[in-house]
Amino acid sequence: MKPLLYLFTLLLAGCATQEQHPPLTDLPPTILERDGTEWFQYWEIPEGDYLWQTEDLGQVDALQAYRDSVKVDLGGAFTNYLDAQAVQHPVSDTVLIPAGIHPDSLLAAKQGDGDRYNYDIIHYKQVGEVRPINYLEAQILNYQLTRYPLFSHPTEFHGFILENDSLNLVRVYYAASDAPWPPKPRPVVAAVEQDLQQGWQLIIHLHNHYEPAEDGYLGTMAPSMSDAQYFKGLTERFQVQAAHVTNGFHTIVLPPETFEEFAAYQ
Ligand SMILES: [Zn+2]
């Protein structure tokens, strides 16, 4: 194929992809319940590789605005904050482990500050995987940020992502409000329970983390002790296949076999 014609074909393919996969904000959700600012709903979308890739996040203007604001506000320190959450150091590279934190002492740390311990085993013992945010995660977070901008009005959402192999569909359940913490997702949990009886599988629980401005905005890429407790419950009740936490730049991916490693409330 001639180079120009090839380029033209590529451009056409790009447009077709956008039309084929409109952003989540353009898709009408099925509403389970709305109680003031507490919204419980889901979207059903075709399964496809585009959902899981990290190269093209689609139209996510609210998320992009947040990312731009964080970069501007942190200035030269931005990369340090980003790397502190994203980089998982090799265990053998003890030079990179800050004083007082050594893999051998992690168990002792578990008895003290559990949230810190959970961060340490991800970043210094390489439990789970931190990778760039993917398309579907970005779309869900962007939806919440169109309601409440993360930079000026930080909130957390609950996301339950289900897959039905025979229907080749994905369901994305969402529960969030205007509060810093997500509402108890009771209507979502009831719907998920029904879905599991009908050939759906809970492949991912997703939520987001952020930090206040004085701590550099970027949410911790690790489960809190409450998260770890919650994830264990999701395994027992729904056989969740992974727990993801995103901060809008990166996502920590945790398979169920890692859940037991984290400090958790009982
Ligand atoms: Zn959390």
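The values are calculated or read from the model by the stated rules, or taken from the named source; none is laboratory data. The model shown is predicted, which means the values in this text are computed figures rather than measured ones. Cβ: placed from backbone, ideal geometry, glycine included. Neighbour counts: every protein chain shown.
Take the conditions (1) under 24 Å from VAL130 (Cα atoms); (2) within 16 Å of the ligand (Cβ to nearest atom); (3) surrounded by fewer than 19 Cβ atoms within 10 Å (Cβ to Cβ); GLN201 misses just one of them, which is (2).
Taken as a whole, the condition of being modelled with pLDDT of 95 or more and within 19 Å of ILE204 (Cα to Cα) does not apply to GLU55. Considering (1) within 12 Å of the ligand (Cβ to nearest atom); (2) among the hydroxyl-bearing types (Ser, Thr, Tyr); (3) out of contact with any His (no Cβ under 7 Å at 6 or more places or on another chain), the lone condition that TYR265 does not fulfil carries the number (1).
For LEU254, the conditions (1) more than 10 Å from the ligand (Cβ to nearest atom); (2) of a type outside the set (Gly, Ala, Ser); (3) surrounded by fewer than 23 Cβ atoms within 10 Å (Cβ to Cβ) are fulfilled apart from (3).
Restricting attention to region 210-245, the residues being more than 10 Å from the ligand (Cβ to nearest atom), charged (D, E, K, R) and either closer than 29 Å to ALA77 by Cβ or buried (at least 16 other Cβ atoms within 10 Å of the Cβ) (or both) number 4. Here TYR81 fulfils each of the conditions (1) part of a strand (DSSP E or B); (2) in contact (Cβ under 8 Å) with a residue 24 or more places away in the chain; (3) out of contact with any Pro (no Cβ under 8 Å at 6 or more places or on another chain) apart from (1).
crowded, with 20+ Cβ neighbours inside 10 Å, under 21 Å from HIS250 (Cβ atoms) and modelled with pLDDT under 95, is that true of ILE121?
Values: crowded, with 20+ Cβ neighbours inside 10 Å: yes; under 21 Å from HIS250 (Cβ atoms): yes; modelled with pLDDT under 95: yes.
Yes.
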